[in-house]
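Notes to accompany the following structure.
The values are calculated or read from the model by the stated rules, or taken from the named source; none is laboratory data. These numbers were taken from a predicted model, which means no experiment stands behind them. A quick note on method: Cβ atoms are made from the backbone with ideal geometry, for glycine too, and the neighbour counts reach across all protein chains shown. What goes into the accessible areas is simple: the full protein's heavy atoms, side chains included, and nothing from ligands, DNA or RNA. Shrake-Rupley method; radii C 1.70, N 1.55, O 1.52, S 1.80 Å.
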Amino acid sequence: MADPKETVEVAGREVSVTNPGKVYFPERGYTKLDLVRYYLAVADGALRGVRGRPMALKRFPDGAAGDFFFQKRAPRSRPDWVETVTLAFPSGRLADEIVVRDAAQLVWVVNLGCIDLNPHPTRAEDLDHPDELRVDLDPVPGVPWDHIRRVALVVRDALEAYGLVGWPKTSGSRGIHVNVRIEPRWTFPEVRRAALALARDVEQRVPELATSRWWKEERHGVFIDYNQNAKDRTVASAYSVRPTPDARVSAP
DNA sequence: GCCCTGC
DNA sequence: GCAGGGCAACGCTGC
DNA sequence: GCAGCG
Ligand SMILES: [Mn+2]
Ligand SMILES: [Mn+2]
């Protein structure tokens, strides 16, 4: 059959795309090769979100509607131009995670069935000090988009008071992510505490719109998920395609 | 999606 | 040759 | 220590 494999030339390498015609988004008819071509088209932006960061792989070998699994450890068999870095867990266990820096590595990851990209907030060069604080706005069901947007604007004001700049994007699901560049100087617990302080600040500014309550039952409006800044937690990066039926994208 | 194992 | 299994396990919360 | 949360 005329399908098993296609080769794309990217970043000076030949990268295989297996099952290029496989339908990954049945509702829209988008194929695996469509997904690869999308990522090539936005490679500059997509790489800005993941470059130099270890990432957890969330793999959908049968497309967005199929089963998925997480994979922290890079597949043992991989080209020598695919970079990894060794992470240590508190348990003492180790994991070699993928680090993407160019479009060839990106396509290689997409070929594994990764639809969205989930980088850590750290760089491979310094795994203990995040250089990105992530403000994850998760609306409870039924919250209108305008409220989410308004909370994001309040986040901007609150950040400004600390001399910080937030870079917003849709999550591609229901909420908004605001990424904040920080000096790689603070530990995970310290960054998480900063995110909590920010969440409480925002909640105080617009208590009708935003909440920092951990318990779902006590939440109303937009939950500012500060815990997303804990260690070993990742967030879908900018330009990631989400595994939704309509192939929505996290749009800056 | 792909490897590894075992039949 | 082919079917089946594996592929993560964190850290924080309030009780 | 537990289960809820993501
Ligand atoms: Mn979110
Ligand atoms: Mn969240």
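Table for the structure above
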quantity	calculated
Magnitude of the charge dipole, chain A, Cβ model with Lys/Arg +1 and Asp/Glu -1, debye to 20	200
Three principal axis lengths of the range A:209-252 [C-alpha, angstrom, descending]	32, 26, 18
Percent of beta bridges antiparallel (DSSP, chain A, rounded to nearest 5)	95
Distance between modelled label sites at A:Phe89 and A:Glu183, nm, 7 Å Cα→Cβ extension	3.3
Calculated P(r) of the range A:132-229 - Cα pairs past 23 Å, %	16
Relative contact order, percent, the range A:1-116 [alpha-carbon distance under 8 Å, six or more residues apart]	29
222 nm mean residue ellipticity, helices alone, for chain A (DSSP H n ≥ 4; -39,500 (n - 2.57); rounded to 500)	-7500 deg cm²/dmol
Candidates A:Arg48, A:Arg93, A:Arg134, ranked by Gaussian network fluctuation over chain A, Cα under 10 Å, top entry	A:Arg93
Over chain A, relative contact order from alpha-carbon pairs under 8 Å, at least 6 apart, %	21
Probe 1.4 Å, all protein chains present, accessible-area order of A:His147, A:His220, largest first	A:His220, A:His147
For the range A:6-119, the spread of Cα positions along each principal axis, largest first, Å	44, 33, 26
Centroid-to-centroid separation of the range A:26-61 and the range A:137-167 [C-alpha atoms, Å]	26
Of A:Val241, A:Val165, A:Val155, the one that fluctuates the most in a GNM where chain A has Cα springs shorter than 10 Å	A:Val165
Estimated vicinal HN-Hα couplings, Hz - the range A:215-228 in sequence order (Karplus 6.51, -1.76, 1.60; Gly, Pro = x)	7, 3, 4, 8, 8, 9, x, 9, 7, 8, 7, 4, 5, 5
With every protein chain in place, chain A: carbon and sulfur % of accessible area (1.4 Å)	51
Built amide H within the under 5 Å cut-off of A:Thr211, gap 5+	A:Val222, A:Phe223, A:Ile224
Theoretical gain in end-to-end length, A:Glu6 to A:Phe69 [0.36 nm per residue, Cα-Cα removed]	20.2 nm
Share of alpha-carbon pairs per 10 Å distance bin for chain A, given as whole %	7, 29, 33, 22, 7, 1, 0
Taking N as its residue count, the alpha carbon Rg of the range A:10-77 over 2.2 N^0.38 Å	1.22
Set A:Lys58/A:Lys231; A:Lys22/A:Lys216; A:Lys58/A:Lys216 screened for pairs whose C-alpha atoms are more than 27 Å apart	A:Lys22/A:Lys216
GNM flexibility winner over chain A from A:Phe68, A:Phe25, A:Phe89 (Cα, springs under 10 Å)	A:Phe89
Mean accessible surface per residue for chain A, computed with a 1.4 Å probe while every protein chain stays in place, in Å²	51
Net lengthening on full extension, A:Asp146/A:Thr18 (0.36 nm per residue, minus Cα-Cα)	41.9 nm
